[in-house]
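Only one structure is covered here, and it is reproduced in the block below.
The values are calculated or read from the model by the stated rules, or taken from the named source; none is laboratory data. Just so it is clear, the model here is predicted, and its values are computed rather than measured. Methodologically, a virtual Cβ is constructed for each residue, glycine included, from the backbone with ideal geometry; neighbour enumeration extends over all protein chains shown. Accessible surface areas use protein heavy atoms only, side chains included; no ligands, DNA or RNA. Shrake-Rupley method; radii C 1.70, N 1.55, O 1.52, S 1.80 Å.
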Amino acid sequence: MQGVSSDVSPKDSSVRLVITGLPGSGKSRVMQSLQHEMPRPGCFESQDLSDLNQVTLPYQILCVVDVRTPLVSGRDDWLEARLQQLLLCADGIIFSFLESAALDDQVWWNKWVALHAGHLPIVRWLNQSFPRDWQGFPVKNDLRTLTTKTCTKSLKPLSEFEFNVGRICWEHLLFGLDSSKQNLGMKIARVKGIVQTLEYENAVTVEGSATRWDLFAADEKELTEEALGRLQIQGEDLDQIWLKEIVKASLV
């Protein structure tokens, strides 16, 4: 791991941590892991770094990168540009979901980061834990504050729409969303929710990102009346009416 000389301990509680990354990269889980393994006040998640006015003390920005799926040239150019922009502001990179990533995909991401952000240190988050001897990234002497952070002005904010659904045909919904991305160039970055489907007897948790789809049996702790049937779709320049029709067409 690359290091930076510093007069400040990586575990200094006065240094806030801002966790960023592409939608679906595992930011929330990584943040929970950080708070459990290296508890400190002021650790929070930021989608596009536009909310840094919440941070009144010096901070580090850690960018989470999901290494399970490489980016596809052409289709994912907008994602690559967004990730590059986030890395311009980052002080370190967290590779997430290594336990589910094929070796070839890990190699692809190693090469991509070396090309686009080779100066940044990397830590690997394996089985939802950080290395036992990792104490955080070294803290630079010139800790950056809000007034010096100007590199995210070109990041377009993501829009988010929520739909309340009954039982759906997952295959129909997946086909509609995939077709929207592949044929219409729709920039869908995140799809998540807990829903009842035609294909499965029990409720399932949908965890979709711009590069992959995952479906899990819903956790009983999360399976509340309020959460069941809420489907959220997030992305850039989304057509709400079009998405509403896709969701409607998938209802059983």
ask   = Whole-Hz Karplus ³J(HN,Hα) for the range 192-201, in order, using 6.51 cos²θ - 1.76 cosθ + 1.60 and θ = phi - 60°, x for Gly and Pro?
value = 8, x, 10, 9, 8, 10, 5, 7, 10, 5
inquiry  = Quick query: amide H of Arg167 versus all other amide H atoms, modeled in the peptide plane; which residues come in under 5 Å with a sequence gap of 5 or more or a different chain?
reply    = Val252
remark   = Bridge orientation stat for the chain from DSSP, antiparallel percent rounded to 5, came to 60 percent
ask   = When the chain is modelled as a GNM with alpha-carbon springs shorter than 10 Å, which of Glu236, Glu162, Glu225 fluctuates the most?
value = Glu225
Distance in nm between pseudo-label sites at Gln106 and Arg230 (7 Å out along the Cβ direction from Cα) = 3.6 nm
task = Kindly provide the helix-only [θ] at 222 nm of the chain, computed as the sum of -39,500 (n - 2.57) over DSSP H runs of four or more divided by all residues, to the nearest 500 deg cm²/dmol?
result = -8000 deg cm²/dmol
inquiry  = What is the distance in Å between the Cα centroid of the range 27-97 and that of the range 199-247?
reply    = 22 Å
inquiry  = So for the chain, averaging the separation of alpha carbon pairs under 8 Å that are six or more residues apart and normalising by length, what relative contact order in percent results?
reply    = 21 percent
ask   = Going by accessible area, probe 1.4 Å, with all protein chains left in place, what is the ranking of Ile194, Ile241, largest first?
value = Ile241, Ile194
ask   = Looking at this model, which pairs from Lys140/Lys221; Lys111/Lys221; Lys111/Lys244; Lys111/Lys192; Lys111/Lys140 are more than 32 angstrom apart at the alpha-carbon?
value = Lys140/Lys221; Lys111/Lys221; Lys111/Lys244
task = For Phe130, tell me the accessible area in Å² from a 1.4 Å probe, rounded to the nearest 10.
result = 20 Å²
query = Got a sec to turn the phi values of the range 236-246 into Karplus ³J(HN,Hα) couplings, 6.51 cos²θ - 1.76 cosθ + 1.60 with θ = phi - 60°, whole Hz, x for Gly and Pro?
reply = 9, 6, 6, 9, 4, 5, 4, 5, 4, 5, 5
message = I need the calculated FRET efficiency for the pair Ser73 and Glu162, taking r as the beta carbon distance and R₀ as 25 Å, to the nearest 0.05.
response = 0.20
